[in-house]
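To keep things clear, I will list the structure first and then write my remarks on it.
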Amino acid sequence: MRKILIVIDMQNDFIDAALGTKEAVKIVDAVKEKIRSYPAEDVIATMDTHGENYMETQEGKYLPVPHCIKGSNGWQIRSDIAELLSDAKIYEKPTFGSTALAADLKAISEKEEIELELIGLCTDICVVSNALLLKAAMPEVKISVDAGCCAGVTPEKHLAALETMRSCQVQVTNG
């Protein structure tokens, strides 16, 4: 069985810039350790990616904090994590969940038995969105989230998202 790690949005703006939190900063070392525990070819990453018109989008109206503007420093994956992802396929996604990621992983699951593990930011937005999208696309594939390698917008929202994922048969470890 092939186990694939999905690293969600470990970008500067979510760690210690525009939307950063102390909880996000605290998980960086655990995220690096988790990435190192997988073969490089079994690590995939996502990047929240917005254009200069972000404030005109629906998301920008609900979350009026410009972030992850393509090409900006905040959009970049944190450098010490990016070094570990040099061979990873990276999906730029304009919204919370990546349908391209789900489609590609579903195609892999049709050829071989896989298991998926998600880590990253933010638990209550992009991690939960991708976990549920993947579960909907592949209901028989084991999907887990390592809570110790995730952080939410707030600690309370992090816990609520973990509970939502548990309710939808996504296994939560370390939490």
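The values are calculated or read from the model by the stated rules, or taken from the named source; none is laboratory data. Being a predicted model, the structure only gives us computed values, none of them experimental. Heads up, the Cβs are rebuilt from the backbone with ideal geometry, glycines too, and the neighbour counts pull from every protein chain shown.
Just checking, which of Ile44, Ile27 is at pLDDT 95 or above, aliphatic (A, V, I, L, M) and in contact with a helix residue (DSSP H, G or I) (Cβ under 8 Å, 6 or more places away or on another chain)?
Selected residue: Ile44, the only one of Ile44, Ile27 that is at pLDDT 95 or above, aliphatic (A, V, I, L, M) and in contact with a helix residue (DSSP H, G or I) (Cβ under 8 Å, 6 or more places away or on another chain).
In segment 133-163, how many residues are surrounded by 16 or more Cβ atoms within 10 Å (Cβ to Cβ) and within 23 Å of Asp29 (Cα to Cα)?
15
Any chance you could count how many residues in segment 19-56 are more than 14 Å from the chain's Cα centre (by Cα), surrounded by 17 or more Cβ atoms within 10 Å (Cβ to Cβ) and closer than 19 Å to His158 by Cβ?
4
On the given criteria, is Leu63 within 24 Å of Leu133 (Cα to Cα) and under 18 Å from the mean Cα position of the chain (by Cα)?
Working: within 24 Å of Leu133 (Cα to Cα): yes; under 18 Å from the mean Cα position of the chain (by Cα): no.
Criteria not met by Leu63.
Val145: among the hydrophobic types (A, V, I, L, M, F, W, C), within 18 Å of Gln169 (Cα to Cα) and in a helix (DSSP H, G or I), yes or no?
For Val145, the condition - among the hydrophobic types (A, V, I, L, M, F, W, C), within 18 Å of Gln169 (Cα to Cα) and in a helix (DSSP H, G or I) - is not met.
How many residues, within segment 67-98, are farther than 23 Å from Val28 by Cβ and in contact (Cβ under 8 Å) with a residue 40 or more places away in the chain?
Final tally of qualifying residues: 1.
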